[in-house]
Amino acid sequence: MSINAKSPKSSSKLKNILIIGNGGRENSLAWAIQKNEIVKKVYLVPGNAGSERIKKCERIKIDINNKIKLVEKLNFLKIDLIVIGPETPLAEGLADLLRKKDFRVFGPGKDGAKLEYSKSWAKEFMHDANIPTSKFWKVNSLEEAKKIIHLSPFPLVVKVDGLASGKGVFIPDSKEECFKAAESIFNGKFGDSGNVVVLEEKIQGPEVSVFALCDGERYILLPTAQDHKRLNEKDKGPNTGGMGAYSPTPLLTKKHLNRVIREIIEPTINELNKRNIDYKGVIYFGLMITKSGPKVIEYNCRFGDPECQTIMPLMDQNFVFLLEKCSMGRLTGDEKIKTPDKVSGCVIATSKGYPKEYKTGFQIKIGKIDPNDCQIFDSGTALNENGELLTDGGRVLSIVCQDKDFDMVFKKAYRNLKEINFEGIFFRSDIGHQVRKNINTGI
Ligand code: AMP
Ligand code: GLY
C-alpha cells in the first residue's frame, strides 16, 4: 500500500520523533514511523519492554507531568514531531502546552479531547450538529437517573461521563441493573469522572472503527477496522479493551462509508470548526451500523488499541508525513491512501483473569516467528534484571499478520501465536470470524 503524500521530502526535517504512551498502539506507531528513511530516531516515553526491539527506537525515562523537565529534554533531543498516544495526557492539555513551546504535535488540545473525556459534551455536540447517535439524557443526580430509568420502556445504557479506562459503560438487561449501575457511579466508584451520568437508548448492530487524521480543517481516512470487545468467542463475556481486530472491514461498504462521511465525519469536523476547536490529531469514530444507518457510539481523541496495531502495517513509509502535515495544519486534501493489496489482522494475548484480576511477572518465551508480514507489538511487558521478557499487564502482546485474504492472515497469526508462551496465556481463537470462511485454526 502506498500513501500519496505530496512532495514529502520537501516538507520535512523529521529526524527525531517522540511518541508518548506505553502500549501496543504506541509500539505500532513507532514501527510505522521508523520505516521512513529520513527518520533517524524514535523516542518512546515511557514505551514498554518491546519498544527497543523496534528499529531506531529508544525509551526515555521522564515524568511527563514535570513540564519544565519534559520541555528541556525535548529541546535537548531536538524533537521534530511529537505524537501523543493516550487520552489522559490529551485531556490534561499536554498538546496545548507543547504547542505553546513551538513543538509540532499530533494530538488534539484539551478542547478537542473533550470529545472523549466528556460523554455528555460529545452527545450534546452530536445533537447540535445533527449527527446520528442514540437518544440520551445527561443526569446530575441519582434521583434524576432513577426517574428516567423508571419512565423508560426499555433498560437504558448507563455511562460514566468522564474517563474511566474503558470501565465506565454498563449495558444492563433490566431496570434493576440500571438503577444499580447508576447508584455505583453516583456513590463515587469512578471519582469525579462519575459526577455526571449519561443514560442512553440501547441500539443494535455490528460495530466498526473509523479513523480520520485531521489537520484542523481537512482530513484523511485510514483503512477501516473492526475490534472485538468481548473477552470470549462468539462475542460473549465481559467487555475488554479489545481482544483483536482486522482491517479493512467489508462491513462498511463504499455506500455505507459515503454515508458515514456525509452524515458523521464531515459534520463532526464542521462542528469542531464552528466551535473554534483546532483539532490536529486523529478522531476515532466508534460506530454501530444499525437498521436505520450508521450511528456514533462514541468518539475517541486517539487511535484505537488494537485497531492501530492492525492498521499500521498497511501504511507505507509516508505515514509519518501525514502525521506531520496534520500537526502543521497542512493537509492539501489531495493525499490518498490507496486501497491495500493486503489485509491485516491482529490477535491479542492476555494474562489469565483479564479484564478482572490477573497476575503478572511470568516469563514470555518467543519461538520462531515468521519474518514475513508478521509483527509482535508488546502491550504489557517488562524486562527483569537478567533481560528476560515478563508479562506486565492484562493485555500482554499483539500478534499482527498481513496476507492476501483474511483466512490466510488468521492462519498465519494463530500459527505464530503457537510460538509464544507464558503461564496463563489466553486469546480468542475466532478473531476475524466475521470475515473468515474457515475458523478452524487448528488450536
Ligand atoms: P463506549 O465506551 O461508549 O464505546 O462503550 C463501550 C461499548 O458499549 C461499545 O463498544 C458498545 O458495544 C456498547 N455500547 C455503548 N453505548 C451503547 C448503546 N447506546 N447501545 C448499545 N451498546 C452500546
Ligand atoms: N479498541 C477500543 C479502544 O481503543 O477504545
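Side notes on the structure shown:
- Criterion: of a type in the set (A, V, I, L, M, F, W, C), surrounded by 18 or more Cβ atoms within 10 Å (Cβ to Cβ), part of a helix (DSSP H, G or I) and more than 16 Å from ligand 1 (Cβ to nearest atom) - qualifying residue of ALA30, ALA49: ALA30
- Members of the stretch 195-209 that are near ligand 1 (Cβ under 10 Å from one of its atoms) and either surrounded by 19 or more Cβ atoms within 10 Å (Cβ to Cβ) or free of Cβ contacts under 8 Å to residues at least 40 places away in the same chain (or both): VAL198, LEU199, GLU200, SER209
- Exactly one residue out of LYS123, LYS119 is modelled with pLDDT of 95 or more, within 16 Å of ligand 2 (Cβ to nearest atom) and crowded, with 21+ Cβ neighbours inside 10 Å: that is LYS119.
- Scope the stretch 292-318; condition within 13 Å of ligand 1 (Cβ to nearest atom) and either surrounded by fewer than 20 Cβ atoms within 10 Å (Cβ to Cβ) or part of a strand (DSSP E or B) (or both); matching residues: LYS295, VAL296, ILE297, GLU298, TYR299, ASN300
- Within the stretch 124-138, tally of residues that are β-branched (Val, Ile, Thr) and under 13 Å from LEU156 (Cα atoms): 0
Conditions (1) acidic (Asp, Glu); (2) more than 22 Å from ALA49 (Cα to Cα); (3) surrounded by 14 or more Cβ atoms within 10 Å (Cβ to Cβ); (4) in contact (Cβ under 8 Å) with a residue 40 or more places away in the chain, marked per residue:
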{"position": "ASP341", "(1), (2), (3), (4)": "yes, yes, no, yes"}
{"position": "GLN363", "(1), (2), (3), (4)": "no, no, no, yes"}
{"position": "ILE376", "(1), (2), (3), (4)": "no, no, yes, yes"}
{"position": "LEU389", "(1), (2), (3), (4)": "no, no, yes, yes"}
{"position": "GLY393", "(1), (2), (3), (4)": "no, no, yes, yes"}
{"position": "CYS401", "(1), (2), (3), (4)": "no, no, yes, yes"}
{"position": "TYR414", "(1), (2), (3), (4)": "no, yes, yes, yes"}
{"position": "ASP430", "(1), (2), (3), (4)": "yes, yes, yes, yes"}
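- Unmet criterion (only one of (1) in contact (Cβ under 8 Å) with a residue 60 or more places away in the chain; (2) buried (at least 21 other Cβ atoms within 10 Å of the Cβ); (3) under 19 Å from GLN402 (Cα atoms)) for ALA212: (3)
- Of all residues in the stretch 369-385, those satisfying the criterion of being under 21 Å from THR310 (Cα atoms) and of a type outside the set (S, T, N, Q) are ILE369, ASP370, PRO371, ASP373, CYS374, ILE376, PHE377, ASP378, GLY380.
- Residue list for the stretch 215-234, filter: farther than 15 Å from LEU287 by Cβ and either within 14 Å of ligand 2 (Cβ to nearest atom) or surrounded by 22 or more Cβ atoms within 10 Å (Cβ to Cβ) (or both): ASP215, TYR219, HIS228, ARG230, LEU231
- Subset of the stretch 56-81 [at pLDDT 95 or above and in contact with a helix residue (DSSP H, G or I) (Cβ under 6 Å, 6 or more places away or on another chain)]: LYS56, CYS57, ARG59, LEU81
- Applying the set (1) free of Cβ contacts under 8 Å to residues at least 40 places away in the same chain; (2) among the small types (Gly, Ala, Ser); (3) buried (at least 22 other Cβ atoms within 10 Å of the Cβ) to GLY237 leaves exactly one unmet item: (3).
- On the stretch given as the stretch 364-388, residues that are over 28 Å from TYR246 (Cα atoms) and in a strand (DSSP E or B) total 1.
- Checking ASN416 against (1) in contact with a Ser or Thr (Cβ under 6 Å, 6 or more places away or on another chain); (2) of a type in the set (S, T, N, Q); (3) over 19 Å from GLY241 (Cα atoms), the condition it does not meet: (1)
- Tally, over the stretch 275-290, of residues that are more than 13 Å from ligand 1 (Cβ to nearest atom) and of a type outside the set (Val, Ile, Thr): 6
The values are calculated or read from the model by the stated rules, or taken from the named source; none is laboratory data. A quick note: this is a predicted structure, and the numbers were derived from the prediction, not measured. Every residue, glycine among them, receives a Cβ derived from its backbone with ideal geometry; neighbour counts consider all protein chains shown.
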